[in-house]
Number of protein chains: 2
Amino acid sequence: MEEKRCFNMESKIMTKRVVIVGGGFAGFNAAKMLGNRHDVEVTLVDRKNYHLFQPLLYQVAVAALGEGDIAAPLRNMLGGYENITVFKGLVQNVDMAAKTIQTDFGEIGYDYLVLTCGVQHHYFGNNGWEEFAPGLKNLAQATEIRRRVMEAFEAAERTDNLVERKKLLTFVIVGGGPTGVELAGSIGEMSRFTLSKIYKHIDPKLTRIFIVEAAGRILGSFSPELSSRATRELEKLGVQVWTSSAVSDVDANGVQIGRERIEAATVLWAAGVQAQEIGKHIGVETDRTGRIIVEPDLSIPGHPEVFVGGDQACVIGQKGTPLPGMAPVALQEGRYIGKTILDDLKGRPRKPFRYRDKGQMATIGRNKAIVEIGNLKFDGAAAWFTWILVHIYYLTGFKHRVFVLMQWAWSYFTLAHGARLIVNKEWRFYGGSKQKGNEE
Amino acid sequence: MEEKRCFNMESKIMTKRVVIVGGGFAGFNAAKMLGNRHDVEVTLVDRKNYHLFQPLLYQVAVAALGEGDIAAPLRNMLGGYENITVFKGLVQNVDMAAKTIQTDFGEIGYDYLVLTCGVQHHYFGNNGWEEFAPGLKNLAQATEIRRRVMEAFEAAERTDNLVERKKLLTFVIVGGGPTGVELAGSIGEMSRFTLSKIYKHIDPKLTRIFIVEAAGRILGSFSPELSSRATRELEKLGVQVWTSSAVSDVDANGVQIGRERIEAATVLWAAGVQAQEIGKHIGVETDRTGRIIVEPDLSIPGHPEVFVGGDQACVIGQKGTPLPGMAPVALQEGRYIGKTILDDLKGRPRKPFRYRDKGQMATIGRNKAIVEIGNLKFDGAAAWFTWILVHIYYLTGFKHRVFVLMQWAWSYFTLAHGARLIVNKEWRFYGGSKQKGNEE
């Protein structure tokens, strides 16, 4: 057994200990802001060993990009800073009175704490649905979705039972936000254009794809106009958009929407999210989805030394509504938190956080995207190229941008997705699984 | 439930049904040889959905390359041929009298059968060792090895128990063939050059790596001279080479070699292999390792319509000894089988298979490799560049060669490995695992 370690080292004179929980956009950017400063000593704890470019995770799920294209070890990205230590571990509790966090490898003391634990999928009290409808928040889930989607086409090719085949070629995406739309669009595009030549017994063009959305329209954070344009574009790719349709049950064979039912071998979850539970443990005020309600300087009321950022924070924007859980918001919050800690050390007063709205965008397929920046709204090829450029620009530190750009250019012209590998979870041959023969 | 399908379709006049089991170098090349020929209808069955460039699999295990760089879906590579159908499925039995194979999705009839099922790791009757010492034959295993190696460094960084840390920084590779040497060399290089700057509490240069080999020397298929040069190069990377050392036990904490013991958190298996069991089922003569003994035309004695190729075949070479289980052997056998079937259809007599020996090579690290082509033997940088060129040349059909070449060039100059991601096997958050909090 590993001995528990006590990290509650004496703080050196004038050196403040900053502990960051979570290495997503908020935590990672807060850490970078504090990198190579001699007056702070940073410890970042994440249960994953990588920083993930979440906006492109769906591309791993649909086999357009490999894992290494959108993720890189936090240790590689931050380990080069003298004053930043990275641990892969799980934070179990926070003691704000004692100023310590408890992890599965010991206790760590802090002068400043930055909580950026993010969100997880939420099945509205039906956690059993997860088995049948995986969400898309990390690489393991993206790999699982890729495996399910590709296995469905393989199984459809093997069977000649037409009812079974129809079920295998039916994909339901629950939730019509950007992730749901991007997943549906990619599967539509893949089945219509890429897969048709390589299957001999099935016609992948017959693939049915559904977006099931409880609200009155998809992409609710966009204007109704762009939302309806996106719907039309999805329909061109064969995606059936069901709005005002709340899922009432999910099982191994499909989804139930009130009295209606869709038989589907593959159901993917892109609906609700809920903040990680740490907010409950420490007894602070949270909103309906578990996000911690913070002061204008992103600190917890009464605890100016504890900041919350990213999807875990409920931050009221300039428009008076909570800021959405998006990468640009988390990125700006992380930078702000890092800067505010540096300001504190210099004895400067804190300024409130102000979100600079860079707009929002969603992609549906090749040459199909929507972009909304303030009152500027556009779609089609121009929106798609904007989307590509913005994502290439922000995709730093992973692979060299030029690699990803070339790969996309290649896919664009050839319509070929290179990464459609089914990697089984079971690696053992002897005694790993009951079905061992089938698992390699 | 999927209904079982009967693929025993009537063979069209003059069209021969060729069934290939396995999509490795032998099966894949046999299929390609028969592609777009109107007189044969080819069905290839593999339990994986991808063709793998096995000689570089260790690079995925040590995070130097991503999965998509060395593997591509069989369906993409062969689906373009009009006359080739690919199924992902498991072959359960062969009935040579009825000329059918039984799969988990139905029965398939054949006029020609090509068995290229390959080998699996063999734990000398101790299958329980697999849990503690994964082998390296497919992508799932490579991912598992990568996970174990990277997790060991992460855990070493977290603990300050020195005995525990020493165990975590000890890697034992059982078996001193090319795979064992390549794994040991890569881990040595990674720990000495790449990891040292990004860990703050451990000195990765203290990593101990052992190759434990039962025979009197490593790389037994090479000349004693090159084998000893390789040993010296390994030692420079900190690898301790233990020869004449048969492993007598493997457990969660290390390996026992007779009365000696090495405490190690990570043990990798690169020792024995054994042919897939299909040889036993069909009652044909096999050698000690289960390989099917074939005629000079690679057919099973008494069954000129059944060929065996690749690692599954025991083929006596021109030197009177069995050909080794190497990619070039499998590739040539696959092409020969395809060509022989075409010769049969043209009524031409069969020629015996002759292996054109292209030599063998193994790489130890950057600028370190050994090459042996007939009497020509060399090592060092020249051997390493030969190794790179040969592997780039043969690495077709996966990513574009130029991508892999650029990635290697990048790694060569920066010493950076980009793909050191730990992807957990468990994707579920709710109820997937007892330790659910820790698994993301």
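Structure values in brief
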| quantity | calculated |
| --- | --- |
| Options B:Arg335, B:Arg350: the member that is of a type in the set (Lys, Arg), at pLDDT 90 or above and in contact with a strand residue (DSSP E or B) (Cβ under 9 Å, 6 or more places away or on another chain) | B:Arg350 |
| Checklist (1) in contact with a strand residue (DSSP E or B) (Cβ under 7 Å, 6 or more places away or on another chain); (2) of a type in the set (Gly, Ala, Ser); (3) outside any helix (DSSP H, G or I) applied to A:Gly188, failing item | (3) |
| Where B:Leu421 falls short, out of the listed (1) at pLDDT below 60; (2) open to solvent by less than 30 Å² (accessible area, probe 1.4 Å) | (1) |
| From A:Ala246, A:Ala230, A:Ala215, residue being modelled with pLDDT of 95 or more and in a helix (DSSP H, G or I) | A:Ala230 |
| Of all residues in segment A:103-127 being free of Cβ contacts under 8 Å to residues at least 40 places away in the same chain and open to solvent by 50 Å² or more (accessible area, probe 1.4 Å), the one that is nearest to the other protein chains (Cβ to nearest Cβ) | A:Asn127 |
| Among (1) part of a helix (DSSP H, G or I); (2) open to solvent by 20 Å² or more (accessible area, probe 1.4 Å) - the single one B:Val241 does not satisfy | (1) |
| Scan of segment B:345-380 for residues that are open to solvent by 40 Å² or more (accessible area, probe 1.4 Å) and in a helix (DSSP H, G or I), ordered by number | B:Leu345 |
| Among residues of segment B:269-294, those that are closer than 30 Å to B:Ala252 by Cβ, modelled with pLDDT of 85 or more and either part of a strand (DSSP E or B) or in contact with a helix residue (DSSP H, G or I) (Cβ under 7 Å, 6 or more places away or on another chain) (or both), counted | 6 |
| Residue within segment A:20-37 that is out of contact with any strand residue (DSSP E or B) (no Cβ under 9 Å at 6 or more places or on another chain) and either within 13 Å of chain B (Cβ to nearest Cβ) or among the aliphatic types (A, V, I, L, M) (or both) present | yes |
| Selection count, segment A:133-179, where residues are within 11 Å of chain B (Cβ to nearest Cβ) and open to solvent by 30 Å² or more (accessible area, probe 1.4 Å) | 12 |
| Verdict on B:Leu323 being touching a strand residue (DSSP E or B) at 6+ places or on another chain (Cβ under 8 Å) and open to solvent by 30 Å² or more (accessible area, probe 1.4 Å) | no |
| Close pairs (8 angstrom Cβ cut-off, 6 or more residues apart or separate chains): at positive phi in segment A:225-247, open to solvent by 10 Å² or more (accessible area, probe 1.4 Å) anywhere | A:Gly238/A:Arg192; A:Gly238/A:Lys205; A:Gly238/A:Arg208; A:Ser244/A:Glu213; A:Ser244/A:Ala214; A:Ser244/A:Ala215; A:Ser244/A:Gly216 |
| Total residues in segment B:194-206, condition assigned to a helix (DSSP H, G or I), open to solvent by 10 Å² or more (accessible area, probe 1.4 Å) and within 14 Å of chain A (Cβ to nearest Cβ) | 1 |
| Some residue of segment B:46-66 being closer than 23 Å to B:Val119 by Cα, surrounded by 24 or more Cβ atoms within 10 Å (Cβ to Cβ) and within 8 Å of another protein chain (Cβ to nearest Cβ) | yes |
| Scan of segment B:308-332 for residues that are modelled with pLDDT of 95 or more and under 16 Å from B:Lys137 (Cβ atoms), ordered by number | B:Gly310, B:Asp311, B:Gln312, B:Ala330 |
| Number of the exception - B:Lys99 against (1) within 22 Å of B:Lys137 (Cβ to Cβ); (2) in contact (Cβ under 8 Å) with a residue 60 or more places away in the chain; (3) more than 7 Å from chain A (Cβ to nearest Cβ) | (1) |
| Inter-residue pairs, beta-carbon under 7 Å, first of a type in the set (Phe, Trp, Tyr) and in segment A:20-47, second surrounded by fewer than 24 Cβ atoms within 10 Å (Cβ to Cβ), 6+ apart | A:Phe25/A:Ala327; A:Phe25/A:Leu331 |
| Pair list, Cβ < 9 Å and 6+ apart or interchain, from segment A:339-364 residues that are under 30 Å from A:Trp384 (Cα atoms) to residues that are exposed (fewer than 12 other Cβ atoms within 10 Å of the Cβ) | A:Arg354/A:Gln318; A:Tyr355/A:Gln318; A:Asp357/A:Gln318; A:Asp357/A:Lys319; A:Asp357/A:Gly374; A:Gly359/A:Gly374; A:Gly359/A:Leu376 |
| Positions within segment B:67-96 being over 23 Å from the mean Cα position of the chain (by Cα) and either touching a residue at least 40 places away in the same chain (Cβ under 8 Å) or open to solvent by 10 Å² or more (accessible area, probe 1.4 Å) (or both), in sequence order | B:Gly80, B:Tyr81, B:Glu82, B:Asn83, B:Ile84, B:Thr85, B:Asn93, B:Val94, B:Asp95, B:Met96 |
| Breaking point among (1) in contact (Cβ under 8 Å) with a residue 12 or more places away in the chain; (2) surrounded by fewer than 18 Cβ atoms within 10 Å (Cβ to Cβ); (3) within 11 Å of another protein chain (Cβ to nearest Cβ); (4) not charged (D, E, K, R), for A:Gly216 | (3) |
| Residues located in segment A:279-300, provided they are within 22 Å of the chain's Cα centre (by Cα), polar (S, T, N, Q) and open to solvent by less than 20 Å² (accessible area, probe 1.4 Å) | none |
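The values are calculated or read from the model by the stated rules, or taken from the named source; none is laboratory data. Everything numeric in this text was worked out from a predicted model, so none of it was measured. For neighbour counting, all protein chains shown are included, and Cβ atoms are generated from backbone atoms with ideal geometry for every residue, glycine included. Calculation scope for accessible area: heavy atoms of the full protein, side chains included, ligands and nucleic acids excluded. Shrake-Rupley method; radii C 1.70, N 1.55, O 1.52, S 1.80 Å.
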